[in-house]
Amino acid sequence: MKDYKNLLKKGWLFFLVAVLFLWGKTYYALKTAFKLDIENSTQQFILAIAPISSILFFLGLSLLIPKKIRNKAFMTIYVLMTFVLFANVVYFRFFSDFITLPVLMQYKNFAELGGSAQALIQPIDIIYWIDVAILITWLVTRKVKPAMRFKKRTVAMLYAAVIGIAAVNLNLANQERPELLTRTFDRMKLVKLLGIYNYHIYDSVVTANASSKRVFADSDELTEVLNYVNGQQGKMGVQGEYFGKAKGKNVVLISLESTQNFVMDYKVNGQEVTPFLNDLKDDSYYFSNFYHNTGQGKTSDSEFLLDNSMYGMSRGAVFTTNANNEYNATPEIIKEEGYTPVSFHGNNDSFWNRDVMYKSLGYDHFFSKSEYDVNEENSVNYGLKDIPFFEQSMPMIKDLDKPYYAKFITLTHHYPFILNNDEDVMIDPAETGDGTVDRYFQTMRYQDESVKKFMEMMKEQGEYEDTIFIMYGDHYGISDNHNRAMGDLMDKEIRTFEEAQFQEVPLIIHIPGEEGKEMKTVGSQVDLKPTILNLLGIEAGNDVQFGVDLFAKDREDIAIFRDGTVVTDEHVYSAKDGSCYDKETEEEIDGETCAPLKEKAEKELEYSDKVVHGDLLRFLDQNQDIEGK
């Protein structure tokens, strides 16, 4: 009893119980909340020991704090570590990914999440906070002073244990995945082999390293990238037969929120999910093998791809981390041809840092939430509903100087896919038992109706005939967390092959007066910029574009995803598990067949990252001067 009281008085018992609590709920999350795919007993052992070193390290920092505030410091650190864990659990439920430091920099977005965040939090999540209440109660009622009398030697031994456990962890991790810290882009592997807290330490180091790249970048790096881009495009006829087909016409782009291609021609309970888009694609150039390339930046990534023909970042979003870079974006290029580039969105102008980024891209004006009449009745979830959004946008369109380049970003078909008015419900939900999947089709049907009304208004207002319409899905809406429900809908097992195919998004290019045609070309959002410029008859000149005109002859049929997955007309390579599939038979084949695809993806993504991280386009004029000499 005396020993127990001594431990309690010194704070040892409190400290050890806190460590046990935090380790227990972290291990629980690693086992149940994240899909880590534990392959063997070594990985299971790593999973168990990985959190210990970081828990001891961070909680041990409180022992270095002055005695008067040591209790508060200890609980502050404990609550912060709990929050990091909980935030990753909630984030993973929708994105099947882990938070990065650049994502946290998008703090302005969090206040806008509304129903999305609420829908991701579940009653079971109380398990992550019960221990916090217990420890606070313990402190308040027993007047415990954690580790108040720890000697310096004891603290040194604690950190010696931290170093020892971390060394064992890293050694085993490197055996499972050689060069883990230098070669992997897979956050899943990092968390599985390092633990959630060590992963965040690693992520912070990577972020700092990325920030330093701009300082040391020089024009030689841009020359290297240009040589690669020009070499790739020199292998094909990059200027398509449709060059100048829409010369002088207005351009209307519609970013279709969370729209995946499988909904096209799909029916739920006998009802078409996209009746208008189904008809429109038959009267348009419809690309049925078109994919998104977005990463953590989601919609902002799709915008970046659209305007720059470069890939988003592997972590975070270019819109928030590199908004002040120099770009050679489509709005800036076509402005020199007399176009008025603008963007329309029924949300706050600061969301995804658009108010800053759009200026860097060359947009003349951003019509955001402040310029719309938004109230409780005409808004849901993230902001203004799509139908009133298009209705209120029409007078603004009429006032634009022609020709214009106008981008519209829809909102209603966004997770958690809810409608707050019975009049907006135009189709029955699916019946998979998965609420997210079941509601997805209802908001998709609403979005389809909003586009129909918009096109009708464009005709009524006399804007239709002189305009080319480009509609594309911005990113997936249903993540692989819902594979069970999607498997039921598609009546098949969802493997990594199917997961890659679910990244197909519709691309519809509608030119009034032109006959429709389904295009089998395999392409992606990175190809939109050169496609649009060529249709308008505009030559980009010396530029960094990783995409190729979708109408170009002899172009390579390929789509590279941000995670390194590659789809061609013949094969699918999944970076998720390294599998290789024959696209026609859908059967897995020898992985060596996809080795060249893997290599190409890694090189192209690396070059794109180099441009963004180093802000290399600031050297573009200098490079042109050199080329001209």
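Within segment 453-475, can one find any residue that is touching a Gly at 6+ places or on another chain (Cβ under 7 Å) and either among the aromatic types (Phe, Trp, Tyr) or open to solvent by less than 20 Å² (accessible area, probe 1.4 Å) (or both)? Within segment 453-475, none of the residues are touching a Gly at 6+ places or on another chain (Cβ under 7 Å) and either among the aromatic types (Phe, Trp, Tyr) or open to solvent by less than 20 Å² (accessible area, probe 1.4 Å) (or both). Listed by first and then second residue, the pairs linking a residue in segment 78-105 that is within 18 Å of HIS475 (Cβ to Cβ) and part of a helix (DSSP H, G or I) to a residue that is among the charged types (D, E, K, R) and at pLDDT below 90, with Cβ atoms under 6 Å apart and 6 or more places separating them unless they lie on different chains, are PRO102/ARG315.
Would you be able to say whether some residue in segment 416-423 is touching a Gly at 6+ places or on another chain (Cβ under 8 Å), open to solvent by less than 10 Å² (accessible area, probe 1.4 Å) and farther than 16 Å from SER450 by Cα? Yes, the conditions are met somewhere in segment 416-423. Got at least one residue in segment 482-505 being open to solvent by less than 10 Å² (accessible area, probe 1.4 Å), among the β-branched types (Val, Ile, Thr) and touching a residue at least 24 places away in the same chain (Cβ under 8 Å)? Among the residues of segment 482-505, at least one is open to solvent by less than 10 Å² (accessible area, probe 1.4 Å), among the β-branched types (Val, Ile, Thr) and touching a residue at least 24 places away in the same chain (Cβ under 8 Å), which makes the answer yes. In summary, helices (runs of 4 or more DSSP H) completely within segment 256-321 and bearing 1 or more residues that are at pLDDT 95 or above and farther than 28 Å from ALA430 by Cα occur at 298-308. Here segment 366-415 is the region considered, the condition is being of a type in the set (S, T, N, Q) and in a loop (DSSP other than H, G, I, E, B), and the residue that is most open to solvent (accessible area, probe 1.4 Å) is ASN375. Can you confirm whether ASP448 is within 20 Å of SER284 (Cβ to Cβ) and among the acidic types (Asp, Glu)? When the stated conditions are applied, ASP448 passes them.
Results for (1) buried (at least 19 other Cβ atoms within 10 Å of the Cβ); (2) in contact with a His (Cβ under 9 Å, 6 or more places away or on another chain), shown as yes or no for each residue.
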residue	(1), (2)
THR32	no, no
ASN40	no, no
ILE49	no, no
SER62	yes, no
LYS68	no, no
LYS72	no, no
THR76	no, no
LEU80	no, no
VAL84	no, yes
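In this structure, is LYS610 surrounded by 14 or more Cβ atoms within 10 Å (Cβ to Cβ), at pLDDT 95 or above and assigned to a helix (DSSP H, G or I)? Taking the combined requirement at face value, the residue does not satisfy it. For segment 514-531, the criterion of a residue being among the hydroxyl-bearing types (Ser, Thr, Tyr), under 17 Å from ILE334 (Cα atoms) and touching a residue at least 60 places away in the same chain (Cβ under 8 Å) is satisfied by at least one position. For ARG354, the conditions (1) open to solvent by 10 Å² or more (accessible area, probe 1.4 Å); (2) closer than 23 Å to ASP386 by Cα; (3) of a type outside the set (Ser, Thr, Tyr); (4) not in a loop (DSSP other than H, G, I, E, B) all hold with the exception of (1). Only residues that are acidic (Asp, Glu) and without any contact (Cβ under 8 Å) to a residue 40 or more places away in the chain were counted across segment 30-69, and they come to 1. Taking segment 426-463 as the range and being among the polar types (S, T, N, Q), within 18 Å of GLN392 (Cβ to Cβ) and either in contact with a Leu (Cβ under 6 Å, 6 or more places away or on another chain) or in a helix (DSSP H, G or I) (or both) as the test, the residues that pass are GLN447, SER450.
Determine which single condition ASP563 fails, assuming it passes every other condition in (1) at pLDDT 95 or above; (2) surrounded by fewer than 24 Cβ atoms within 10 Å (Cβ to Cβ); (3) farther than 24 Å from ILE333 by Cα. Only one criterion in (1) at pLDDT 95 or above; (2) surrounded by fewer than 24 Cβ atoms within 10 Å (Cβ to Cβ); (3) farther than 24 Å from ILE333 by Cα is unmet by ASP563, namely (1).
The values are calculated or read from the model by the stated rules, or taken from the named source; none is laboratory data. As the structure is a computational prediction, the values presented were derived from the model and not from experiment. Don't worry about glycine lacking a Cβ; one is built from the backbone with ideal geometry, like all the others, and counts go over all protein chains shown. Please note that ligands, DNA and RNA were not included when accessible areas were found on the heavy atoms of the full protein model with its side chains. Shrake-Rupley method; radii C 1.70, N 1.55, O 1.52, S 1.80 Å.
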